[in-house]
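**Student:** Quick one: the structure is below, and I'll ask about it shortly.
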Amino acid sequence: MQNRIEVFKQMLESDPENTMVMFGLAKEYEKVNQSEDVIAILEKYLAKADDEGNAYGMLAKAYEQTGDREKAKSAYEKGIEVSNAHGHPSMAMEYQETLEMDYSD
């Protein structure tokens with residue numbers, strides 16, 4: 001995995017605004033449980049891309065792994081809004097169920 005991460009990092013160095021590469025790098029970080037790196041790259045990605053909801057779920061899970069439940073909850077809430085807006089009700093429902101089961105305190 002480290003080699004794939006390096007390839008994505010090199011691609012991003014040559015094209016720092018490429019959101020597809022950012023998302024790919026975040027997925028590679030996710031595979032090796034580098035939550036802090038997932039958070040850092042997805043925050044950049046979400047500031048630039050019109051994500052349809054998937055990145056918010058990834059971001060929420062990364063926040064959960066770092067123990068930041070408030071930011072995780074916010075990411076799920078934004079993911080619900082965005083996925084509904086882009087016509088992905090099943091994704092929104094999945095995020096809603098996670099909120100109801102894990103964040104109803």
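The values are calculated or read from the model by the stated rules, or taken from the named source; none is laboratory data. The structure presented is a predicted model; accordingly, all values stated were derived computationally and were not measured. When we count neighbours, we look across all protein chains shown, and the Cβ atoms used for this are built from the backbone with ideal geometry, even at glycine.
**Student:** Name the residues in the range 20-66 that are small (Gly, Ala, Ser) and closer than 18 Å to Val82 by Cβ, would you? It would help to see each step written out before you state the result.
**Tutor:** From the range 20-66, those small (Gly, Ala, Ser) are 24, 26, 35, 40, 47, 49, 53, 55, 57, 60, 62; that's our starting set.
Once the filter is applied, which keeps residues that are small (Gly, Ala, Ser) and closer than 18 Å to Val82 by Cβ, the range 20-66 yields Ala26, Ala47, Ala49, Gly53, Ala55, Gly57, Ala60, Ala62.
**Student:** Here is a list of conditions, (1) farther than 19 Å from Met22 by Cβ; (2) touching a helix residue (DSSP H, G or I) at 6+ places or on another chain (Cβ under 7 Å); (3) modelled with pLDDT under 95, and Ser104 meets all of them except one; can you say which number that is?
**Tutor:** Every listed condition holds for Ser104 apart from (2).
**Student:** A further question follows. Considering only the range 31-46, how many residues are in a helix (DSSP H, G or I) and either aliphatic (A, V, I, L, M) or farther than 17 Å from Lys71 by Cα (or both)? Spell out how you get there, then give the answer.
**Tutor:** The initial filter retains those residues of the range 31-46 that are in a helix (DSSP H, G or I), namely 31, 35-46.
Now narrow it down to the ones that are either aliphatic (A, V, I, L, M) or farther than 17 Å from Lys71 by Cα (or both): 31, 38-42, 46.
Result for the range 31-46: 7.
**Student:** Among the residues of the range 3-26, are any in a helix (DSSP H, G or I) and touching a Gly at 6+ places or on another chain (Cβ under 7 Å)?
**Tutor:** yes
**Student:** Do any residues in the range 44-56 that are touching a residue at least 40 places away in the same chain (Cβ under 8 Å) and more than 14 Å from Glu17 (Cβ to Cβ) have Cβ atoms under 9 Å from those of residues that are assigned to a helix (DSSP H, G or I) and of a type in the set (Asp, Glu), where the two are at least six apart or on different chains, and which pairs are they?
**Tutor:** From residues that are touching a residue at least 40 places away in the same chain (Cβ under 8 Å) and more than 14 Å from Glu17 (Cβ to Cβ), the pairs are Gly53/Glu81.
**Student:** Taking the condition surrounded by 14 or more Cβ atoms within 10 Å (Cβ to Cβ), in contact with a Phe, Trp or Tyr (Cβ under 8 Å, 6 or more places away or on another chain), not basic (Lys, Arg) and not in a helix (DSSP H, G or I), does Asp51 pass? Working first, answer last.
**Tutor:** Numbers: surrounded by 14 or more Cβ atoms within 10 Å (Cβ to Cβ): yes; in contact with a Phe, Trp or Tyr (Cβ under 8 Å, 6 or more places away or on another chain): yes; not basic (Lys, Arg): yes; not in a helix (DSSP H, G or I): yes.
Taking the combined requirement at face value, the residue satisfies it.
**Student:** Just to verify a result, which residue in the range 6-21, among those that are of a type in the set (A, V, I, L, M) and over 16 Å from the mean Cα position of the chain (by Cα), is farthest from Ala47 (Cα to Cα)?
**Tutor:** Of all residues in the range 6-21, those of a type in the set (A, V, I, L, M) come to 7, 11-12, 20-21.
If we keep only those that are over 16 Å from the mean Cα position of the chain (by Cα) as well, we get 7, 11-12.
On the way: Val7: 23, Met11: 19, Leu12: 16 Å.
For the range 6-21, the residue satisfying everything is Val7.
**Student:** Determine whether the range 10-30 contains at least one residue that is among the small types (Gly, Ala, Ser) and crowded, with 16+ Cβ neighbours inside 10 Å.
**Tutor:** For the range 10-30, residues among the small types (Gly, Ala, Ser) and crowded, with 16+ Cβ neighbours inside 10 Å: present.
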